[in-house]
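The values are calculated or read from the model by the stated rules, or taken from the named source; none is laboratory data. A quick note: this is a predicted structure, and the numbers were derived from the prediction, not measured. Cβ coordinates were reconstructed from backbone atoms using ideal geometry, including for glycine residues, and neighbour counts include every protein chain displayed. Surface accessibility is based on the protein's heavy atoms, side chains included, excluding ligands, DNA and RNA. Shrake-Rupley method; radii C 1.70, N 1.55, O 1.52, S 1.80 Å.
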Amino acid sequence: MFRILLRILAGGLLLFLCMVPHTHVHVAGKEDRMKERIEDYLAGEERLQGAVAAIHIADAETGKTLYEQHADVRMRPASNMKLLTAAAVLHELGPSHQFKTKVATDGHVKDGKVEGNLYLVGQGDPSLTYKDLQQLTIQLKNLGIHHISGDIMADDSWFDQERYSEDTTWKDESAYYGAAISALTVSPDEDHDTGTVKVEVRADTSSQVPAIRTTPATDYITVRNDAVIVGEQEETDLDIVRSHGKNEIVISGSIAKGDKEQERVAVWEPTEYALHLFADYVSDAGINWEGTVKKGTAPSRSQTLLKKESAPLQELLLPFMKLSNNGHAEMFIKQIGRKEKPGNWADGIDQMKHYLKQRQLPVEQMIIRDGAGLSHANGITAKQLTTLLTKAQKESWFPYFRRSLPIAGEPERMLGGTLRNRFADSELAGNVTAKTGTLTGVSSLSGYMKIKTGEQIVFSIVLNGLLDEEDGPVIEDYLLKLVYDNLDSMHNN
């Protein structure tokens, strides 16, 4: 009787197992093999010797961990910090927010004359270009204004006067990615690298000295050209850098005959730069004035003559995230920190932390020193990054957040961004949308990946202590390929 009962139970169990759909059967061995393959690679990768790889991979829908290593270790995230900044600024300002720049007077206009001072008032527009300033002066002329009885003044009081986040090194001050921050600043083109001038060096002249051109053309900076032209087959090394604390750009080294190189260089004191350009364009428009050119705060009773509005924030996120624009990050931080006093880093970071805390992220376990990730003192874990990515999907602004991320292998610059040359010839092209990050010794990649089944995962790979940060993308790409291949095999049993 007992044997008959056992046979009945065994038969019933077999029937039940046969009825379970195969796609829902979990084979632990395959998941174990994925983990083994990843960890075998990490253990054998010589470029990771002495370095730390923090990895967290989770189901995008549920947040369930699929793989982790050092996922709770605070790491320097580099530009993955911009994921936090983008989320915070979208939450605080909203996707449709527009930034304003004004032209105002503390006097009145009569018979084409401004009886008083003329103010260029910045309110933190990260997309303002020198061409926008030119257009404002043309519009001023079109109002019939031909004379200003007072001064031309720049008002950047929307933010405080602290130009650099606390961990910026002096060597970064000349670089476009380390430009000084102001509520009134301009860029040379549509990349919107605020507070910079574009320097072009051309070696197609008949002399031994290359030709230099700056955009915009301005005498706010001076150029010392010590570079030489060498033969096409000779080794070259061209250096373009601004002297510390000055607006002198020194070009040294060599450039091959027929070549052209360009670099965006950060100016010293961006407000004065914008003011200098604006005053030049006022003159070019045929408007004269009696006073001087200087900084000052427009009185509250000032009359606005002209107003320029930026594109909506949802559009500004594209150059910010696709091209990893540091200046935008810090301006956004100051903007969200502008409550009862001028925008500043401390209040902006507090606002970011307030948003993160509302979403149950452990801000007390984070070190946040800036908005761009340039600081080597920042400390964020891989799991905190994937948690943010998971929770962001439930936000009303998520489509704009997702759209701002670089798309792997997409050659168009404002689509592929910093991932346009990665995964180009693999199955992952178009299936990875993620934020890159690079600092000395640091490489990071965090975002979303669609696997072969069509399901989404969130991932974060943060590498610290690399001897060469340029090795990072190779390691990250290989790891994602391992995940892509093995997650597919887990769901086809």
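Out of the residues in the range 55-80 that are in a strand (DSSP E or B) and of a type in the set (D, E, K, R), state the one that is most open to solvent (accessible area, probe 1.4 Å). So the residue we want is GLU68. Listed by first and then second residue, the pairs with beta-carbon distance under 7 Å, at least 6 apart or on different chains, first residue in the range 201-217 and more than 15 Å from VAL230 (Cβ to Cβ) and in contact (Cβ under 8 Å) with a residue 12 or more places away in the chain, second of a type in the set (Asp, Glu) and not in a loop (DSSP other than H, G, I, E, B), are ARG213/GLU200.
Taken together, the residues in the range 193-215 that are out of contact with any strand residue (DSSP E or B) (no Cβ under 7 Å at 6 or more places or on another chain) and modelled with pLDDT of 95 or more amount to 0. Among the residues of the range 449-480, the one identified as on the phi > 0 side of the Ramachandran plot and in contact (Cβ under 8 Å) with a residue 24 or more places away in the chain is GLY465.
Of these, ILE367, ILE336, which one is among the β-branched types (Val, Ile, Thr) and within 26 Å of SER127 (Cβ to Cβ)?
Result: ILE336 is the single residue among ILE367, ILE336 that is among the β-branched types (Val, Ile, Thr) and within 26 Å of SER127 (Cβ to Cβ).
Among the criteria (1) among the hydrophobic types (A, V, I, L, M, F, W, C); (2) outside any strand (DSSP E or B); (3) buried (at least 21 other Cβ atoms within 10 Å of the Cβ), the one ILE457 does not fulfil is (2). Of the numbered criteria (1) in a helix (DSSP H, G or I); (2) without any contact (Cβ under 8 Å) to a residue 24 or more places away in the chain; (3) farther than 27 Å from TYR478 by Cβ, the one LYS391 fails is (2).
Residue count for the range 110-147, restricted to those that are over 24 Å from the mean Cα position of the chain (by Cα), surrounded by fewer than 20 Cβ atoms within 10 Å (Cβ to Cβ) and in a helix (DSSP H, G or I): 6. Restricting the first member to the range 109-133 and to residues that are closer than 17 Å to ASP284 by Cβ, and the second to residues that are assigned to a helix (DSSP H, G or I), the beta-carbon pairs closer than 6 Å and six or more apart or on different chains are LEU120/PHE278; TYR130/LEU277; LEU133/LEU277; LEU133/PHE278; LEU133/TYR281. Taken residue by residue, the range 331-350 has at least one member that is assigned to a loop (DSSP other than H, G, I, E, B), among the small types (Gly, Ala, Ser) and open to solvent by less than 20 Å² (accessible area, probe 1.4 Å).
Taking LEU83, is it in a helix (DSSP H, G or I) and either crowded, with 22+ Cβ neighbours inside 10 Å or at pLDDT below 95 (or both)? When the stated conditions are applied, LEU83 passes them. Checked against the criterion of being modelled with pLDDT under 95 and in contact with a strand residue (DSSP E or B) (Cβ under 7 Å, 6 or more places away or on another chain), the candidates ILE461, ILE451 yield just one match: ILE451.
Here is a yes/no grid of residues against (1) hydrophobic (A, V, I, L, M, F, W, C); (2) assigned to a strand (DSSP E or B); (3) open to solvent by less than 40 Å² (accessible area, probe 1.4 Å):
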{"residue": "SER206", "(1), (2), (3)": "no, no, no"}
{"residue": "VAL223", "(1), (2), (3)": "yes, yes, no"}
{"residue": "ILE229", "(1), (2), (3)": "yes, yes, yes"}
{"residue": "GLU272", "(1), (2), (3)": "no, no, no"}
{"residue": "PHE278", "(1), (2), (3)": "yes, no, yes"}
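Selection of the range 305-327 for residues being touching a Phe, Trp or Tyr at 6+ places or on another chain (Cβ under 7 Å) and crowded, with 23+ Cβ neighbours inside 10 Å yields LEU317, ASN326.
Which one is surrounded by the most Cβ atoms within 10 Å (Cβ to Cβ), of the residues in the range 157-176 that are of a type outside the set (S, T, N, Q) and closer than 21 Å to GLY337 by Cβ?
By that ranking, first place goes to PHE159.
Could you list, in sequence order, the residues of the range 289-304 that are open to solvent by 40 Å² or more (accessible area, probe 1.4 Å), at pLDDT 95 or above and of a type outside the set (A, V, I, L, M, F, W, C)? Across the range 289-304, the qualifying residues are THR292, LYS294, LYS295, THR297, PRO299, GLN303, THR304.
Applying the condition of being part of a helix (DSSP H, G or I) and of a type in the set (Ser, Thr, Tyr) to the range 400-434 and asking which residue is most open to solvent (accessible area, probe 1.4 Å) yields TYR400.
Specify which of the listed residues (GLU364, GLU330, GLU315, GLU340) is among the acidic types (Asp, Glu) and in contact (Cβ under 8 Å) with a residue 40 or more places away in the chain. Exactly one of GLU364, GLU330, GLU315, GLU340 is among the acidic types (Asp, Glu) and in contact (Cβ under 8 Å) with a residue 40 or more places away in the chain, namely GLU330. Scanning the range 91-109 for residues that are closer than 22 Å to GLN135 by Cα and outside any loop (DSSP other than H, G, I, E, B) yields LYS100, THR101, LYS102, VAL103, ALA104, THR105, HIS108, VAL109.
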